[in-house]
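Please read the structure below before turning to the comments.
The values are calculated or read from the model by the stated rules, or taken from the named source; none is laboratory data. What you are looking at is a predicted structure, and each value in this text was computed from that prediction instead of being measured. Positions of Cβ are backbone-derived with ideal geometry, glycine not excepted, and every protein chain shown enters the neighbour counts. Areas reflect the complete protein model, heavy atoms only, side chains present, ligands, DNA and RNA absent. Shrake-Rupley method; radii C 1.70, N 1.55, O 1.52, S 1.80 Å.
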Amino acid sequence: AFHTQVLDYFPDYDVSKPTPSAIVDYRSPSNITGHQQRAYLCYHALKAFEEHRVIGLDLGGAGVMMPMCLSLDLCGNEEHPVYGGAYTGVHVKGDASDLSMFLDNSFSCIISLHLIEHLPCYRLVGNETAKEKIRVACPGREIGDILRYHWLRVLKPGGLIASIIPDNQAAIAGGSHVFHQDSSHAHAWSADEFCRNVLSQVDDLVEVVEYDTFDNHFSFNLVLKKK
């Protein structure tokens, strides 16, 4: 598996027992899961550029520079309201749920690392507690429209969407919930629920290239190709 190639360099790390810093703080040097996930997206960004010779779009990249990608984030050089710190590597300040600033068929790929769960849920007003969000159980229907009319619209035919999304099934098995892990989460899915509730809305436009949890007890990786 891809992650085992990375973990060879961290012999003391147990993939079945991620430390809290490996789950919560992506800036922690011990966050091996986070390093693996960024490497995974780097690979797909480079692969898409090699095929199309057009840059990709990194949505919600938090100022971390990804190769051959334009970075878009809600926060630019100002302090982030939830996580703190200024995102100095952002090229374009914008909303990942509204890509109307870009033309059709503009990018070779779209990559996103733990972003989709933050996109707006119209069942929420924004001040709900984690318990209230769990009770609402937003099914993510609006994500299908965002994918269809924004992400897939700006993507070239044959281009890739490579995303990493938290796996709520793994969170519940560990005694938690995705809504408890981050106050700004607006959606929570298991990998199967995401495919059933979201991908089913755009299956006429995409084919699934890869879909795997890598047994990291945290998230699932999903790669789509635009038809």
Loop-only check: which chymotrypsin sites (Phe, Trp or Tyr not before Pro) in segment 112-170 are DSSP coil with at most 13 other Cβ within 10 angstrom?
Tyr122
Taking the Cβ of Asp104 as the center, what net charge do the other residues with Cβ under 14 Å away carry, scoring Lys and Arg +1 and Asp and Glu -1?
+4
Which whole-number percent of Cα pairs in segment 66-194 have a distance greater than 23 Å?
38
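Please compute the length gained on full extension between Asp104 and Glu50, using 0.36 nm multiplied by the number of residues separating them and subtracting their Cα-Cα distance. Don't jump to the answer; show the numbers that get you there.
Details: separation 54, 0.36 × 54 = 19.44 nm, distance 2.00 nm.
Once the chain is fully extended between Asp104 and Glu50, it gains 17.4 nm.
What number, in percent, do you get for the relative contact order of segment 102-169 if the mean sequence gap of Cα pairs under 8 Å and at least 6 apart is divided by its residue count? Working shown, then result.
Values: 61 pairs, mean separation 44.7, N = 68.
Taking the mean separation of contacting Cα pairs over the length of segment 102-169, I get 66 percent.
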For Val209, the residues 5 or more places away or on another chain with a placed amide H closer than 5 Å to its own amide H are Val223, Leu224, Lys225
Kirkwood Rh over Cα pairs of segment 156-222 into Stokes-Einstein at 20 °C, 1.002 mPa s: D in µm²/s?
167
Accessible area in the full protein assembly, largest first, 1.4 Å probe, for Ser183, Ser190, Ser106
Ser183, Ser106, Ser190
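Before I look further, what does segment 144-194 give for accessible area per residue, probe 1.4 Å, in whole square angstrom? Each step should come with its number before you reach the end.
Numbers: 1730 Å² over 51 residues.
On a per-residue basis, 34 Å².
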With a sphere of radius 13 Å drawn around the Cβ of Asn221, what net charge do the other residues whose Cβ falls strictly inside it have (Lys, Arg +1; Asp, Glu -1)?
-3
At a probe radius of 1.4 Å, what is the per-residue accessible area of Glu210, in Å² to the nearest 10?
60
Mind checking which aspartates and glutamates have their C-alpha under 16 Å from Lys131, skipping anything on the same chain fewer than 8 residues away?
Asp182
So for segment 54-145, averaging the separation of alpha carbon pairs under 8 Å that are six or more residues apart and normalising by length, what relative contact order in percent results?
27
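Sorting Asp182, Asp215, Asp95 by accessible area (1.4 Å probe), largest first, what list results?
On the way: Asp182 25, Asp215 110, Asp95 60 Å².
From most exposed to least exposed: Asp215, Asp95, Asp182.
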If you take the Cα Rg of segment 86-127 and divide it by 2.2 N^0.38 Å, with N the number of residues, what do you get?
1.42
Proximal lysines to Lys47, defined as alpha-carbon separation beneath 18 angstrom and excluding residues fewer than eight positions away on the same chain
Lys156, Lys225, Lys226, Lys227
